[in-house]
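The values are calculated or read from the model by the stated rules, or taken from the named source; none is laboratory data. In this text, all values refer to a predicted model and were calculated from it rather than measured experimentally. Cβ sites come from the backbone with ideal geometry, for glycine too, and all protein chains shown count toward neighbours.
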Amino acid sequence: MVIEYVYTGLNGSPIEKYKYKKETITYLELKRPEIPIHRITIQYGVKEMIYYATVETTSGIMFDVRKLSNGELEDDYDYTIIWMDKVSQEITTFVKKEFNEQASVVFKTTSQISITLHEPFQGDRSLRQCFETIEWISSEQRTQTNISFIFDSHSIYISDKEWGSINHWRDLSKYVMEDS
C-alpha cells in the first residue's frame with residue numbers, strides 16, 4: 001500500500017494515464033486530424049501534479065498536449081512548426097554563407113538536423129566550417145541537437161550527447177565517415 005502510494009505520487013496513476021491518453025487521442029482526432037500520429041507518451045508532472053502528453057508524428061515532429069486550468073486541452077504544434085521553420089531559415093542562411101549557396105538544411109525532427117553541402121569533403125577546411133556551424137547553432141539557437149553534415153563522399157554525424165566533447169575543430173575528425 002505504501003509503495004503504491006509513493007509510486008503513484010511520483011509517476012501518476014496508470015489508470016489516469018490511460019484516461020489522459022484516450023482524451024488526448026480524441027482531442028487530436030478532432031483538432032488535428034491531418035497529423036499522422038506515431039506515438040503518444042503520457043507523463044506525470046510531479047511539481048504541477050498534472051498529466052501531459054508528448055506526441056510524436058510519423059515524420060518525427062514532437063509536441064505537447066496539456067490540460068488548461070479550465071479543463072480544455074491545448075497543444076503547441078503550431079509553435080513547434082513555427083520554431084522549426086524559423087530556426088531552419090536562420091541555420092540555412094548561416095550554412096550558405098559558411099559553405100556554399102547550394103547547401104540545404106532539413107529538420108528531420110525537432111532533434112535532428114541534416115545539412116547537405118553538395119561539395120567534396122576538404123579535410124581540415126571542412127572540419128573548421130562544420131565546427132563553426134556547430135558553435136553558431138549552440139550559441140545563437142541555444143540548442144544542441146543531433147546533426148549531420150553530408151558531403152559528396154563523406155559525412156559527419158554528431159549526437160546531442162557528443163557536443164560537449166567537441167572543443168576544437170580537430171575533435172570532429174573522429175566523426176568523419178567515408179561513404180561507400
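Per-structure values
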item: Those residues of region 132-147 which are in a helix (DSSP H, G or I) and either under 20 Å from the mean Cα position of the chain (by Cα) or at pLDDT 95 or above (or both), in sequence order; result: THR133, ILE134, GLU135, TRP136, ILE137, SER138, SER139, GLU140
item: The lone exception for ILE82 - which of (1) within 21 Å of THR57 (Cβ to Cβ); (2) at pLDDT 90 or above; (3) loosely packed, with under 14 Cβ neighbours inside 10 Å it fails; result: (2)
item: Criterion violated by ILE115 - all others in (1) within 17 Å of ASP152 (Cβ to Cβ); (2) outside any strand (DSSP E or B) satisfied; result: (2)
item: Total residues in region 81-109, condition of a type outside the set (Val, Ile, Thr) and part of a helix (DSSP H, G or I); result: 11
item: Yes/no for ARG39 being closer than 28 Å to ILE158 by Cα and in the same structural domain as ASP171 (by TED's automatic domain parsing); result: no
item: Sole exception among (1) closer than 20 Å to GLU162 by Cβ; (2) under 21 Å from the mean Cα position of the chain (by Cα); (3) not assigned by TED's automatic domain parsing to the domain that holds LYS17 for GLN129, by number; result: (2)
item: Subset tally (residues that are surrounded by 12 or more Cβ atoms within 10 Å (Cβ to Cβ) and either outside the structural domain of PRO120 (by TED's automatic domain parsing) or more than 17 Å from the chain's Cα centre (by Cα) (or both)) for region 153-172; result: 8
item: Some residue of region 96-105 being in contact with a His (Cβ under 6 Å, 6 or more places away or on another chain) and over 30 Å from LYS31 (Cα atoms); result: yes
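Conditions (1) at pLDDT below 90; (2) in contact with a helix residue (DSSP H, G or I) (Cβ under 8 Å, 6 or more places away or on another chain); (3) within 21 Å of ILE113 (Cα to Cα), marked per residue:
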position: VAL6; (1), (2), (3): yes, no, no
position: LYS19; (1), (2), (3): no, no, no
position: ILE25; (1), (2), (3): no, no, no
position: LEU30; (1), (2), (3): no, no, no
position: GLU34; (1), (2), (3): no, no, no
position: GLU48; (1), (2), (3): yes, no, no
position: TYR51; (1), (2), (3): yes, yes, no
position: VAL55; (1), (2), (3): no, yes, yes
position: PHE63; (1), (2), (3): yes, yes, yes
